[in-house]
Amino acid sequence: MIKPILVFGYGNLSRGDDALGPLLLDYIEKHCDLSKIELLTDFQLQIEHALDLEHRSLVLFVDASVACINRCDFSPLTAARDKSYTTHAMSPAAVLAVYVSIKKQAPPPCFLMSIKSESMELGAGLSSAAENNLQQACLFVKQLLQQPTLNHWLQQTSY
Amino acid sequence: MYSHLETAKNPENLKRVVVDPVSRVEGHGKVTLLLDADNKIQQARLHIVEFRGFERFIQGRPYWELPVLVQRLCGICPVSHHLAAAKAIDQLVGVDPENLPISADKLRRLLHFGQVLQSHALHFFHLSSPDLLFGFESDISQRSIMAVLAAYPDLALQGVKLRKYGQEVIRMVSGKRIHGTGAIAGGMNKSLSKAERDYLLEDIDQIIVWAAASVTLIKTVHESNLPYFDDFATIPTNYMGLIQPDGALELYHGGLRAKNAQGQTIMDHVDYCHYNDYIHEEVRSWTYMKFPYLLSLGQDDGWYRVGPLARINNCDFIKTPQAEAARITFKAHSPGAMVHSTLAFHWARLIELLHCAEAIKELLHDPDIMGLDLVAKGEKRYEGVGVIEAPRGTLFHHYQVDENDIVTKANLIVSTTSNNRAMNESVRQVAAEYLSGRELTEPLLNNLEVAIRAYDPCLSCATHAMGKMPLQLELMDANGQLIDKLVKHSNGQIERLA
């Protein structure tokens, strides 16, 4: 049975602030009712993750971001062929575009939770700033998941 | 050979062109070209421009953490590092490969076949098929999986599902797609349940059909572009990899075999625990990546290639029937004993993908994968070496521990490092044969990237860095004045700044 809500936190636990996505999943696992929520993690986004979006009613991507404007930003996603092909990692928008290409239909409503990060050195721990940002993001996502409707999530977006 | 293009005689009088970074590979590398006034290439180098030590990351940790810890070295081949580390720490707990419980051995092989399958699918369908289907000098907007999805939707979907299936094999065997703890010192921590086995069996016949179709496709692409595909970036080299005792293709465990460009054996069935007696590494001042070579042949002649092309060249046969038939066809297409075409890496890679699919099916029908005898024990040792054929080639993990089981020394030779000299030679061949004397354009420079990409290099693994830099192409005149500059941003947008 596929759960209607997918929370996909991606990043590498051993690369400093890149761990923010997976660490947020740890928080959700401990503090949220998972009866309708599936948690998924990976190092980075890839083409096959488009198939993980099937049969969902809401999807939340969670990632560390050095470009994040605020301590954390919550925004809706649209499919985009953004040419993020120069590395093995894809953007969430590109994964949605793969979904559109292979399923010939619009993806489920997808959102991105960006958490501001500083450095992603191999072997480094979480920076203190990122740790604070993570706390804020965890509380925000917990509140989101208590009311998992499209309208509510749209009202919570940063922009 | 094109070694004369490694260092120009008068570099100060030459124009400099930089391809930075090489795209659709993992990590950050750049190519520099030095041209004379007639645009003739005088020097070509593949540089690795970042460095961070894996060994430092590993030292000081208890050995039992290694199979999980090393997965985080690389997001592309975590299972390969996981299994190489597991094989090394088997020895630390006194368990040699022949003493590993049969169920644990087969589960590790199943895990490894899943990893190689998904990695090869990613490389071909996502990273290389745009070049192969649309042409090396096609418009940059076409060189992506998105364009393949639009023009060849069925093919692209097969690529997505092949990759997904490999990930599912990993998930079933290790418990998770990543960070799984399938392999532990002396064995495995779980076997496959009947439900998990049946789940994987549901799709395996379709996976084999798609894998076979991909071999047919690459054969067609390769043969329809002869002699170009046979000549492009092609260099006669030595080849090295693991081999089974009877000479069959081996990905998980075997002895080391090396052959020269004529197919003559340099070494065979060598115990990899003694790799230091056979392989040394040298350094060059202009790159952070080392240059391994076979000690018996010396620095100048002992460099070699690893990975799919090396494995298919080196083996006497493949034990799964469809892959063996494909291997015979592959070898027959070349008149020599060895296939040296660098673009044949793709063909060899897909033969291996087919082999993995067939081997997964065989293992899923083997009751040993549901066995419960999973861990062996022995007497503690202070040193362990684990070697595996990762998707990109032979991967060495070597550890020493103290009396408190803390890692005191670690040495890793990753596949891309072994291919370093060969990638440089391929770059020089392309530069000399296809670029020299022509006006340089972005599509033309993609030829250099095509040559590097054939090796499926993981520069993150080779240099321990993450790649996220934009591409920058600078053209300077003989006086060092910038006369043209193209920048490819990380989102793929091209901008002319001169």
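Numbers for the structure displayed
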{"read-out": "Single residue of the stretch B:96-108 satisfying the filter (surrounded by fewer than 24 Cβ atoms within 10 Å (Cβ to Cβ) and over 22 Å from residue B:399 (Cα atoms)) that is nearest to the chain's Cα centre (by Cα)", "value": "B:106"}
{"read-out": "Residue check for residue B:93: aliphatic (A, V, I, L, M) and either within 14 Å of chain A (Cβ to nearest Cβ) or crowded, with 24+ Cβ neighbours inside 10 Å (or both)", "value": "no"}
{"read-out": "Residue list for the stretch B:155-173, restricted to those being over 22 Å from the mean Cα position of the chain (by Cα) and either more than 29 Å from residue B:189 (Cβ to Cβ) or facing chain A (nearest Cβ under 9 Å) (or both)", "value": "B:155, B:157"}
{"read-out": "Residue check, residue A:97 modelled with pLDDT under 95, surrounded by 20 or more Cβ atoms within 10 Å (Cβ to Cβ), within 23 Å of residue B:162 (Cα to Cα) and within 14 Å of chain B (Cβ to nearest Cβ)", "value": "yes"}
{"read-out": "Among the candidates A:25, A:20, residue that is within 14 Å of chain B (Cβ to nearest Cβ) and within 26 Å of residue B:175 (Cβ to Cβ)", "value": "A:25"}
{"read-out": "Yes/no for residue B:215 being at pLDDT below 95, under 25 Å from residue B:118 (Cα atoms) and aliphatic (A, V, I, L, M)", "value": "no"}
{"read-out": "When residues of the stretch A:127-144 are limited to those that are over 14 Å from the mean Cα position of the chain (by Cα) and either crowded, with 20+ Cβ neighbours inside 10 Å or without any contact (Cβ under 8 Å) to a residue 40 or more places away in the chain (or both), the one farthest from residue B:153 (Cα to Cα)", "value": "A:128"}
{"read-out": "Residue check for residue B:185: free of Cβ contacts under 8 Å to residues at least 24 places away in the same chain, over 22 Å from the mean Cα position of the chain (by Cα) and within 30 Å of residue B:367 (Cα to Cα)", "value": "no"}
{"read-out": "Every residue from the stretch B:391-402 that is outside any strand (DSSP E or B) and either within 23 Å of residue B:117 (Cα to Cα) or at pLDDT below 95 (or both)", "value": "B:391, B:392"}
{"read-out": "Failed criterion for residue B:121 (all others in (1) under 24 Å from residue B:201 (Cβ atoms); (2) more than 11 Å from chain A (Cβ to nearest Cβ); (3) hydrophobic (A, V, I, L, M, F, W, C) hold)", "value": "(2)"}
{"read-out": "Matching residues, the stretch B:281-303, being of a type outside the set (Ser, Thr, Tyr), crowded, with 16+ Cβ neighbours inside 10 Å, modelled with pLDDT of 95 or more and outside any loop (DSSP other than H, G, I, E, B)", "value": "B:294"}
{"read-out": "Condition broken by residue B:139, with the remaining ones in (1) touching a helix residue (DSSP H, G or I) at 6+ places or on another chain (Cβ under 7 Å); (2) more than 30 Å from residue B:91 (Cα to Cα); (3) not β-branched (Val, Ile, Thr) satisfied", "value": "(1)"}
{"read-out": "Qualifying positions in the stretch B:125-154 - surrounded by fewer than 24 Cβ atoms within 10 Å (Cβ to Cβ), more than 10 Å from chain A (Cβ to nearest Cβ), within 23 Å of the chain's Cα centre (by Cα) and part of a helix (DSSP H, G or I)", "value": "B:128, B:131, B:132, B:133"}
{"read-out": "Qualifying residue in the stretch B:40-47 (condition: surrounded by fewer than 24 Cβ atoms within 10 Å (Cβ to Cβ), in a strand (DSSP E or B) and in contact with a Gly (Cβ under 8 Å, 6 or more places away or on another chain))", "value": "yes"}
{"read-out": "Residue within the stretch A:47-66 that is assigned to a loop (DSSP other than H, G, I, E, B) and of a type in the set (Val, Ile, Thr) present", "value": "yes"}
{"read-out": "Within the stretch B:417-449, considering residues that are of a type in the set (Ser, Thr, Tyr) and part of a helix (DSSP H, G or I), the one modelled with the lowest pLDDT", "value": "B:434"}
{"read-out": "Failed criterion for residue B:351 (all others in (1) assigned to a helix (DSSP H, G or I); (2) hydrophobic (A, V, I, L, M, F, W, C); (3) at pLDDT below 95 hold)", "value": "(3)"}
{"read-out": "Selection from the stretch B:268-280 of residues that are surrounded by 15 or more Cβ atoms within 10 Å (Cβ to Cβ) and outside any helix (DSSP H, G or I)", "value": "B:270, B:278, B:279, B:280"}
{"read-out": "Test: residue B:338 is aliphatic (A, V, I, L, M), surrounded by 14 or more Cβ atoms within 10 Å (Cβ to Cβ), out of contact with any Gly (no Cβ under 6 Å at 6 or more places or on another chain) and outside any helix (DSSP H, G or I)", "value": "no"}
{"read-out": "Condition met for residue B:464 (at pLDDT 55 or above and under 30 Å from residue B:82 (Cβ atoms))", "value": "no"}
{"read-out": "Hey, residue B:332 crowded, with 22+ Cβ neighbours inside 10 Å, among the small types (Gly, Ala, Ser) and farther than 21 Å from residue B:108 by Cα or not", "value": "no"}
{"read-out": "Boolean, residue B:56 is surrounded by fewer than 22 Cβ atoms within 10 Å (Cβ to Cβ) and in a helix (DSSP H, G or I)", "value": "yes"}
{"read-out": "Cβ-Cβ under 7 Å pairs, at least 6 apart or on other chains, the stretch A:92-109 side aromatic (Phe, Trp, Tyr), far side assigned to a helix (DSSP H, G or I) and modelled with pLDDT of 90 or more", "value": "A:99/A:50; A:99/A:53"}
{"read-out": "Tally of residues being in a loop (DSSP other than H, G, I, E, B) and under 30 Å from residue B:105 (Cα atoms) across the stretch B:224-262", "value": "9"}
{"read-out": "Selection status of residue A:25, modelled with pLDDT of 95 or more, part of a strand (DSSP E or B) and under 14 Å from the mean Cα position of the chain (by Cα)", "value": "no"}
{"read-out": "Filter result for residue A:75 (surrounded by fewer than 20 Cβ atoms within 10 Å (Cβ to Cβ) and not in a strand (DSSP E or B))", "value": "no"}
{"read-out": "The lone exception for residue B:278 - which of (1) at pLDDT 95 or above; (2) under 30 Å from residue B:129 (Cα atoms) it fails", "value": "(2)"}
{"read-out": "Qualifying position, being touching a Gly at 6+ places or on another chain (Cβ under 8 Å), among the small types (Gly, Ala, Ser) and surrounded by fewer than 23 Cβ atoms within 10 Å (Cβ to Cβ), among B:307, B:263", "value": "B:263"}
{"read-out": "Some residue of the stretch B:177-198 being of a type in the set (Asp, Glu) and within 14 Å of chain A (Cβ to nearest Cβ)", "value": "no"}
{"read-out": "Odd one out for residue A:42, checked against (1) at the interface with another protein chain (Cβ under 9 Å from one of its Cβ atoms); (2) more than 22 Å from residue B:164 (Cα to Cα); (3) of a type in the set (Asp, Glu)", "value": "(2)"}
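The values are calculated or read from the model by the stated rules, or taken from the named source; none is laboratory data. Predicted model, so just to flag it, every value in this text is computed and none were measured. Note: ideal-geometry Cβ built from the backbone for every residue, glycine included; neighbour counts use all protein chains shown.
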